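Following: one structure in structure tokens, then a few remarks.
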Amino acid sequence: MLLAVTLVVRPGPVDGWLSSAPTTPPPGTPAPDPTPTPVLLAAPTDGTAPTAEGVKAAIGPLVTAPALGPQVNVSVVDAATGTSLYERNADTMTTPASTTKVLTAATVLAARGPAYRLTTRAVAGNAPGEVVLVGGGDPTLSVDADGQFPGAARLDKLAAQVKKALGGTKPAKVVIDTSLYAGKETAVGWDGDVIGGGQVARIQALMTNAGRIEPVHNEFGGDPRFSDPALAAGKAFARRLGVPTGAVTRGTAPAAPAQAASSAPTTAAAPGTELGKVESPPLVHVIDWMLQQSDNVIAEAMGRQVALAAGEEASFDGAAKAMVAKLAELGLPADEANLYDASGLSRHNGISPKLLTDVLTLAAAGKHPELSSLFGGLPVAGWSGTLRTRFATPAPNRVGQGLVRAKTGSLTGVNTIAGEVVTRDGRLLVFAIMADATGASGAARQALDKIAAKLVTCGCQ
């Protein structure tokens, strides 16, 4: 089974609205709903397969474009058969930038499953009126309805649960518990300006809107982040409980009380008693947001979920260890990944193009249905996410719009792309193109797009 998204067409209802010959139903007969047409059609599996010679002739000259620099490593694979169609240093570990998130998506989906939800809890503290907000590693948590991520869990709803559970006891203090995560809050290999520039926040187990001060994602430039996301979330929660923000401290939640021997009512909740909880949307949606927006904070949270599922420490090191182990468990060449983070911000990361295409091929094969969910989050050329404005210039690149679905990666001097493409003959290919010694990013991105666009137009027999 191949799972892919290929081309953009006009939706059925819109087609009806624009029709030059509208129809009128008989009097008294309800007008039927128009039959929708898929916006993104699934790739057929029986298209004519390209040959390795044909692909080499088509894209070989393009991978040496000056804009891509001297270090360009490539893998192109026929997704239906797993046959390699083009390799250029395909086993060489290369600085991946955000194409690292392809591995993050695959490993967390394998470790947790698409339906898994992240839980943020509030429990009773050691003193009457003390409420402990326990971070559950949900970076999509929102303060209220005005959030960055649709359908996110909300602190205002959690506060309402707490007030109800406390009954006549007035909240007086908020304690924030971020003990789920361990280790440093920034990774080895991060550039010094990534937090100040708003590309990421300090990685903590409690935050709202992935650490953003305002729930807004800027396509160009970073999104300003709280210097202490957990404390900011604690203060936002306190305001909704009617607690002064000065009464927010750090601590650890008491252990849950043993089951009471008697059902007699008590005047106050015992320390550790759960007062409320809110859950994130299913993990598949969180992964979609991570891939579409290339959200670095979500990626680091997902890496820690892989670690927690494996019984490892929820840290950068624990996540890297667990992700590599999960790749090996899936039968992938895990020795072709050297990870220092899960987002790709670390310049110390190394991933081979072949590992990326192996992951995509496995996800498309249907043998691990949970992995197929990552395709729904890959940006579509000219349509969504980090590819929304790509494949626009030069004009020949536009042929890739709607037909290329891929994760991009960019650091200064690093430009990569990995995903899927459907050829003019209807064959699904997966590819990874990685250049980590490029010049200007704009020219390098256009050169990468040109290669993917050539695969679209190339029969390559």
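The values are calculated or read from the model by the stated rules, or taken from the named source; none is laboratory data. Values in this document were obtained by computation on a predicted structure and should not be read as measured data. Positions of Cβ are backbone-derived with ideal geometry, glycine not excepted, and every protein chain shown enters the neighbour counts. What goes into the accessible areas is simple: the full protein's heavy atoms, side chains included, and nothing from ligands, DNA or RNA. Shrake-Rupley method; radii C 1.70, N 1.55, O 1.52, S 1.80 Å.
Assorted remarks:
- For the chain, the relative contact order is 26 percent, taking Cα pairs closer than 8 Å that sit 6 or more residues apart in sequence and dividing their mean separation by the residue count.
- Using alpha carbons only: equivalent-ellipsoid semi-axes of the range 305-345, gyration tensor based, whole Å: 16, 13, 7
- Accessible area per residue was computed with a 1.4 Å probe on protein heavy atoms; ASP425 scores about 60 Å².
- By definition, a body whose alpha carbon gyration tensor gives a ≥ b ≥ c is oblate when a/c is 1.5 or more and a/b is not larger than b/c, and the range 125-166 fits this oblate description.
- Label-point gap, in nm, between ALA268 and ALA255 - each point 7 angstrom along Cα→Cβ: 2.1
- Rg/Rh, computed from the Cα trace of the range 380-456 with Rh as the Kirkwood radius, has the value 0.94.
- Per-residue ellipticity at 222 nm from helix content only, as computed over the chain with -39500 (n - 2.57) for each DSSP H run of at least four residues, stands at -8500 deg cm²/dmol.
- Each residue of the range 104-155 gets 99 Å³ once the volume of the Cα convex hull is shared out per residue.
- Distance cut-off 17 Å, percentage of C-alpha pairs in the range 45-95 lying past it: 42
- For the chain, a simple Cβ point-charge model (Lys and Arg +1, Asp and Glu -1, everything else neutral) yields a dipole of about 780 debye relative to the Cα centre.
- Taking θ as phi - 60° and the Karplus parameters 6.51, -1.76 and 1.60, the scalar couplings of the range 452-461 work out to 5, 5, 5, 5, 5, 7, 8, x, 6, 8 Hz in sequence order, x denoting glycine and proline.
- Under the convention that each Lys and Arg Cβ holds +1 and each Asp and Glu Cβ holds -1, the size of the dipole of the range 41-163 around its Cα centre is about 360 debye.
- Around the amide H of SER315, modelled in the peptide plane, lie the amide H atoms of ALA182, all under 5 Å away and 5 or more residues distant in sequence or on another chain.
- The largest-to-smallest principal axis extents of the Cα set in the range 46-185 are 77, 37, 27 Å.
- Heavy-atom surface of the chain, accessible at 1.4 Å and reported per residue (Å²): 41
- Shape box of the range 65-117 [Cα atoms, principal axes, largest first, Å]: 45, 28, 16
- Per-residue SASA remark: TRP289, around 40 Å² accessible (1.4 Å probe; ligands, DNA and RNA not included).
- Taking every protein chain into account, the 1.4 Å probe leaves ARG121 with about 80 Å² of accessible area, to the nearest ten.
- Cα-derived Rg over Rh, computed across the range 206-291 with Rh taken as Kirkwood radius: 1.09
- Shape class of the range 205-352 from the alpha-carbon gyration tensor: oblate, with a/c at 1.5 or above and b/c at least as large as a/b.
- All C-alpha pair distances within the range 350-425, sorted into 5 Å bins from zero, spread as 3, 14, 22, 23, 21, 12, 4, 1 percent across the bins.
- Here is the size of the range 310-398 from its Cα atoms: Rg then Dmax, 15.7, 50 Å.
- Spherically averaged projected area of the convex hull of Cα atoms, the chain: 27.4 nm².
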